[in-house]
Amino acid sequence: MKSQAISLTAEARTQHRLRLFWALMLGVVFVLAQALAAPARSMPESFADLAEQVSPAVVNITTSTTVAVSTGPMPMVPEGSPFEDFFRDFMDPEGGDNGTPRQHRSQALGSGFVISEDGFIVTNNHVIEKADEIKIEFFSGAVLEAKVVGTDPNTDIALLKVESDKPLAYVPFGNSDIVRVGDWVMAMGNPLGQGFSVSAGIVSARNRALSGTYDDYIQTDAAINRGNSGGPLFNMAGEVIGVNTAILSPNGGSIGIGFAMSSGVVTRVIDQLKEFGETRRGWLGVRIQDVTPEMAEAIGLGEVRGAMVSDVPEGPAREAGMQPGDVILSFDGKDVADTRELVRVVGDSEVGKAVRVLVFRDGKTLTLKVTLGRRETAEAATGPALPETAPEPQETEMLGLTLTPLTDMLREQLELGAGIEGLVVTGVDETSAAFEKGLRAGDVITEAGQQKVTAIADLEDRISEAKAAGRKSLLLLVRRQGEPRFVALSLEE
């Protein structure tokens, strides 16, 4: 009996040890699960610590602008009338001469944030544009006057500078490229002139484009209102991932659709404004458009990607041998998905840099070496677009278009250069694919199937060749008011 009791006790000890082991393992698994789940918590416990941390670097901006206004003629009042002084004070309180322009001070409010202890401040260009005087109010209540270092209307970013006797609190930029939809963010600023204010929300979308060439906006539902412009959008580490710039609203107030220019764009702009007082973007010197599935099929491009070159004016690309109809597939080692991506990567490149550009031409790829110019210089030299004058309609019809060869009379009516040759569109069937693709009377077709056309027979030959090759679409190069673009028209009946 004693031996049996000892045996049972040993077995119980073993089972106890096993229970302890599994309990310990379960505890470890639970702790690991909690640790892994921590970054994905539903929401922060509070934004108070973050707001307290970054507030000293967020500023309110007040601008003053002098504008000339005219009071117009004063009412005719008998000289010496008791109403004479009343009308003079009411109509011209600042004492200007009757009917002459006088000076008036206009004020505006906005937000900004300090990015260095020596007083550099970032805000929106539209906040300080045309301002005569810029006052910066800090969270402490201190007020300093700021000067403009440089501005970039293309991204609506401005860099200011204040002089301070002591180092200023500042906030760092974060990496907007790693921000995910659904991440928590916090906006700070001076909404509606009410002073320092905090709002919080999530990232609703990324890579939004509104109207600018270099747009890369973060969309957020954190409340942004008038006066928030130029203020920072923070991640939960207290880093600026965007500059609050715009809202989408039918009534001018926040409805949960706000946009902040991403820090990836802003930092590059700020670096150039600091160094040069202006932006210096790379310039390739081409007009481009997105590749559509029909266009890709028409030229034998295996997939829809890249940017199609519609025109190559005088500039770096022409000197490197680039031609209309080339599809740019990569630039300086970076794959090009579409025109927007190409514009951004070229703009971010250094002026004067020699880059390799991979293009698709005549069914194969080739590499061109281009030395980039400066976009700002090229834009300053660009002339106005030519006006459109519709020619008299003709009777030759194909592909849903009414066409006629370009004559000297039509060239004069359309104000085209002597070097332009092609077929003039004098009418478009509104039920045709051509109309859906945007072709209109007054357009000039200069190429078909990436070959020049000067007569109706040329276009008929290109159509026959495309059908014989099994193509479902024909690529046309169309000019309107001097601006070229490619259009792929279906050849199927």
Within the range 98-106, is even one residue modelled with pLDDT of 95 or more, of a type in the set (S, T, N, Q) and in a loop (DSSP other than H, G, I, E, B)?
no
Got a sec? Which of Val357, Val309, Val345 is at pLDDT below 95, aliphatic (A, V, I, L, M) and part of a strand (DSSP E or B)?
Val309
Could you list, in sequence order, all residues of the range 199-225 that are in a loop (DSSP other than H, G, I, E, B), in contact (Cβ under 8 Å) with a residue 24 or more places away in the chain and either of a type in the set (Gly, Ala, Ser) or surrounded by fewer than 17 Cβ atoms within 10 Å (Cβ to Cβ) (or both)?
Ala209, Leu210, Gly212, Thr213, Ala222, Ala223
When the residues of the range 179-195 are narrowed to those that are farther than 15 Å from Gly238 by Cα and not basic (Lys, Arg), which ends up modelled with the lowest pLDDT?
Gly193
Selection within the range 448-464 - under 22 Å from Gln481 (Cβ atoms) and surrounded by fewer than 21 Cβ atoms within 10 Å (Cβ to Cβ)
Lys452, Thr454
Odd one out for Gly141, checked against (1) within 16 Å of Ile224 (Cα to Cα); (2) more than 26 Å from the chain's Cα centre (by Cα):
(1)
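The values are calculated or read from the model by the stated rules, or taken from the named source; none is laboratory data. As the structure is a computational prediction, the values presented were derived from the model and not from experiment. For neighbour counting, all protein chains shown are included, and Cβ atoms are generated from backbone atoms with ideal geometry for every residue, glycine included.
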